[in-house]
Amino acid sequence: MKGNTPVKLDDLINEIDIQMDETFTYINTQTGEVITLSREEIRAAEDEEPIENYPEWQRESIEQAIKIIEDENETFLDFTLRNDYHEYELVEEFIGTLSEVEVQEELFGAIQGRGAFRRFKDGIREHDVENQWYKFKEKKLKELVIEWCESKNLRIEK
């Protein structure tokens, strides 16, 4: 089922970081290509309207969506991990790793309620732990992606 071309680890990590509610990500297991489609492009592929009815810039994505929908050989894997990745939980875990109790308490307070991520980002800058946060987050995303790829028998290029 899986092709010989590995998918690039950094491409997958970047996809998780930018995934939005209205986008879906797929991996072509034959080529290693990472494909991101909007909900609108997937709907257009399902509607079977003539592709000429869509703007030129959107046609290639709709053609990709058609290939994915009609994929009987399981060439494409759905890599939409929004249900597996919760940045808020990652933030909590990171705060728990900090050595200074005062900083932990302040950051835990900052992530309560609306505007939590903005206050967290301000807090990590203020306490000079921003680089630690990004290294921690990258490490955790790598672990998530590697584990996911292994579960799908998908080769990755590091």
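For the criterion of being more than 30 Å from N53 (Cβ to Cβ), more than 18 Å from the chain's Cα centre (by Cα) and surrounded by 13 or more Cβ atoms within 10 Å (Cβ to Cβ), V101 fails.
With respect to E49, is the statement that it is out of contact with any Gly (no Cβ under 8 Å at 6 or more places or on another chain), over 24 Å from K142 (Cβ atoms), free of Cβ contacts under 8 Å to residues at least 12 places away in the same chain and part of a loop (DSSP other than H, G, I, E, B) true? Taking the combined requirement at face value, the residue satisfies it.
So, E60, is that one not assigned by TED's automatic domain parsing to the domain that holds R114 and not in a helix (DSSP H, G or I) or not? Break it down stepwise before answering.
Details: not assigned by TED's automatic domain parsing to the domain that holds R114: yes; not in a helix (DSSP H, G or I): no.
In short, no.
Criterion applied to K135, K140, K121 was being in contact with a helix residue (DSSP H, G or I) (Cβ under 9 Å, 6 or more places away or on another chain), closer than 21 Å to I13 by Cβ and loosely packed, with under 15 Cβ neighbours inside 10 Å, and the one residue passing it is K121.
From the list E40, E92, E63, which residue is more than 27 Å from L144 (Cβ to Cβ), under 21 Å from the mean Cα position of the chain (by Cα) and surrounded by 12 or more Cβ atoms within 10 Å (Cβ to Cβ)? Of E40, E92, E63, the one residue that is more than 27 Å from L144 (Cβ to Cβ), under 21 Å from the mean Cα position of the chain (by Cα) and surrounded by 12 or more Cβ atoms within 10 Å (Cβ to Cβ) is E40.
Taking the conditions exactly as written (in contact with a strand residue (DSSP E or B) (Cβ under 9 Å, 6 or more places away or on another chain), basic (K, R), closer than 30 Å to P6 by Cβ and in contact (Cβ under 8 Å) with a residue 60 or more places away in the chain), does K67 satisfy them or not? Walk me through it before giving the result.
Details: in contact with a strand residue (DSSP E or B) (Cβ under 9 Å, 6 or more places away or on another chain): yes; basic (K, R): yes; closer than 30 Å to P6 by Cβ: yes; in contact (Cβ under 8 Å) with a residue 60 or more places away in the chain: no.
The answer is no for K67.
Criterion applied to T25, T80, T5, T31 was being among the polar types (S, T, N, Q), in contact with a helix residue (DSSP H, G or I) (Cβ under 8 Å, 6 or more places away or on another chain) and either assigned to a helix (DSSP H, G or I) or under 24 Å from E150 (Cα atoms) (or both), and the one residue passing it is T25.
In this structure, does T80 turn out to be in contact with a Gly (Cβ under 9 Å, 6 or more places away or on another chain), surrounded by 12 or more Cβ atoms within 10 Å (Cβ to Cβ) and at pLDDT below 95? Spell out how you get there, then give the answer.
On the way: in contact with a Gly (Cβ under 9 Å, 6 or more places away or on another chain): no; surrounded by 12 or more Cβ atoms within 10 Å (Cβ to Cβ): yes; at pLDDT below 95: yes.
Judged against the criteria, T80 is not a match.
Checking the range 108-118 against the condition returns no match, with no residue being within 28 Å of R155 (Cβ to Cβ), in a helix (DSSP H, G or I) and of a type in the set (G, A, S).
The values are calculated or read from the model by the stated rules, or taken from the named source; none is laboratory data. Not measured: the values here are computed from a predicted model. In this analysis, Cβ positions are derived from the backbone assuming ideal geometry, glycine residues included, and neighbour counts consider all displayed protein chains.
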